[in-house]
Amino acid sequence: DLGGERGGELQRVLTHRAPGIEIESVARVTQSDSIRIQGRATDDQIIRDLYIFAGVRKAYYESTRGSENRGSVEFSTDVPLHPGMNYITVFARENDEVVSRELIVIRRDGQNGELLETPRFDDDLWGASQH
């Protein structure tokens, strides 16, 4: 017995959290060669920057340096898609140790709805087809 009351309630006090990322609804299957990704990242402290990768390639970058409201970033960009499965990741960074990410998986089909093979490398999409 610790001499205190029993049945008390434990409450978490969060003094810090990673940025939140909200992505507007996006089609998970398309026949288009690109898709618009848009949304907003917010943080109670600061967002240093926001970036989007399509596979291993950076498709978008925005810094908040010089911005009046550094706790919120709205983003909207067209991301190119290769045939088959595409993995698009949105990152919001507060600092080097505190980063949030959201993964979006989109399948690009052929013009008649047929399934297309996912290329082994995504370099052709970016005009760098040397392996």
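Out of Thr42, Thr64, report the one residue that is in contact with a Ser or Thr (Cβ under 6 Å, 6 or more places away or on another chain), open to solvent by less than 60 Å² (accessible area, probe 1.4 Å) and farther than 30 Å from Gly113 by Cα.
Thr42
Identify, please: which residue in segment 45-59 is assigned to a strand (DSSP E or B) and over 10 Å from the mean Cα position of the chain (by Cα) and is, among those, surrounded by the most Cβ atoms within 10 Å (Cβ to Cβ)?
Ala59
For segment 85-117: of the residues being surrounded by 15 or more Cβ atoms within 10 Å (Cβ to Cβ) and more than 19 Å from the chain's Cα centre (by Cα), which is modelled with the lowest pLDDT?
Once the filter is applied, the top-ranked residue is Leu116.
The values are calculated or read from the model by the stated rules, or taken from the named source; none is laboratory data. Here the structure is a predicted model, which means the values were calculated and not measured. Every residue, glycine among them, receives a Cβ derived from its backbone with ideal geometry; neighbour counts consider all protein chains shown. Side chains included, ligands, DNA and RNA excluded: accessible areas come from the protein's heavy atoms. Shrake-Rupley method; radii C 1.70, N 1.55, O 1.52, S 1.80 Å.
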